[in-house]
Structures are given as C-alpha cells and as structure tokens.
1. Restricting to region 146-162, name every residue that is part of a helix (DSSP H, G or I) and surrounded by 15 or more Cβ atoms within 10 Å (Cβ to Cβ).
2. Would you mind telling me which numbered condition in (1) surrounded by fewer than 17 Cβ atoms within 10 Å (Cβ to Cβ); (2) in a helix (DSSP H, G or I) residue 173 fails?
3. Which ones in region 56-80 are in contact (Cβ under 8 Å) with a residue 24 or more places away in the chain, surrounded by fewer than 18 Cβ atoms within 10 Å (Cβ to Cβ) and over 16 Å from residue 31 (Cβ atoms)?
4. Do we find a residue being exposed (fewer than 14 other Cβ atoms within 10 Å of the Cβ), modelled with pLDDT of 95 or more and not in a helix (DSSP H, G or I) anywhere in region 112-126?
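The values are calculated or read from the model by the stated rules, or taken from the named source; none is laboratory data. Predicted model, so just to flag it, every value in this text is computed and none were measured. Every residue, glycine as well, gets a Cβ built from its backbone with ideal geometry; the counts of neighbours run over all protein chains shown.
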C-alpha cells in the first residue's frame, strides 16, 4: 500500500487535482450504444462499409497513414463477420449464425421472425467459404489475423489486399442478412464530431454497450 504522502506528491507532480484519478481527467471515447445482439452484427456491417467508402474515396488531404488506418479497420470488421457467418462458436459469448436464437431473440422481440434453417444454412455456407479463403490458417499463411494480431514474423511478408473484390464477395450475404432484421446504421448516418470535445478535453457521454 502506498504511503499517503507519496500519493499526494505523485498527484502534485503530475499536475492533477486530488479528485482526478486519470491522466487527462474525464476525457474518454467509446462506441455507440447497442441494445441488442443483432445490432452488434449490424454495427460490424455498417462499419465495414464505412471503412470501405473511405478506402475507395479517401477524404480530402488524407495521408498514407489514414489509408492504413481505414484498411486495418476494414480488415478487422471483415474478419469479425467471417467468424460470425462461417465459424462455429468456441465460447458461450460468441455471436454466430450457428446460434440464431441469440440474434432473433425473445428479448429483442424478434423471435417470431427467426428465418428458416435453410436460409441460415445458405448464409453459413457462404460465410464458411469466405472464412476458408481469408482466415483458415490450416490452408494459408497470409490470413487476415496474421497481419492484424500481435507482432509476428508473418508480418514481414508482403501482402496486398483487394477491398473491391472482398466487398463484392461478401456484399450479397450482408444484404440478405440485413433484410431479415430492423435497420441499424450508426456509422453511415453518424453526425460530424464534436471538435470541442477533442480540443477542450471534455467528457464524451457515450458507451460501447458491450
């Protein structure tokens, strides 16, 4: 346990008020709230499309680093959706099309609209094929994860990504899935940022909802 005087000196040395427990005070960021599990998946789809739009039409004055950022985010969301559509769950917390009752749940009020198993199986087959192409490490070394995970020797190998092709491959699957659920597009319909928050260091009252 730290001596009280030591703690006080630490606060003074970092120009912190006694009540302030974090460097930067209350300045924080979080993702949009999600009320139901199906919105988590729709958020992934919406963010994938948003990142894709920035890749094919970079914002004015964008830097190379902006493109790298959008590319990595695009790949993260793409990979997440491959696991949702094409891989059986490994943990009880995994959202997956194999357990559709968690998406079309009683709590969300969507249980009565649960699609036929044949429809879900067709989606899963499509997702599984894309997962094998981009993420199955038993068949390839250049998976998405190996270029996004912790620092490894795999990342020294050159790798080109083709976002247009990747979106064409998954586009019909995403569109078919969205038609079965209420609309949720927070990214593509988001508002301009509160620049005062970033410049002034104030608190931003949003939560991830996870």
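1. At the first step, the residues of region 146-162 found to be part of a helix (DSSP H, G or I) are 146-147, 153-156.
The answer is 146, 147, 154.
2. Here residue 173 clears every test but (1).
3. Listed by number, the residues that qualify are 56, 71, 72.
4. First, pick out the residues of region 112-126 that are exposed (fewer than 14 other Cβ atoms within 10 Å of the Cβ): 112-113, 116-118, 121, 125.
If we keep only those that are modelled with pLDDT of 95 or more as well, we get 112-113, 116-118, 121, 125.
With not in a helix (DSSP H, G or I) added as a condition, the list becomes 116.
Yes; the residues of region 112-126 include at least one that is exposed (fewer than 14 other Cβ atoms within 10 Å of the Cβ), modelled with pLDDT of 95 or more and not in a helix (DSSP H, G or I).
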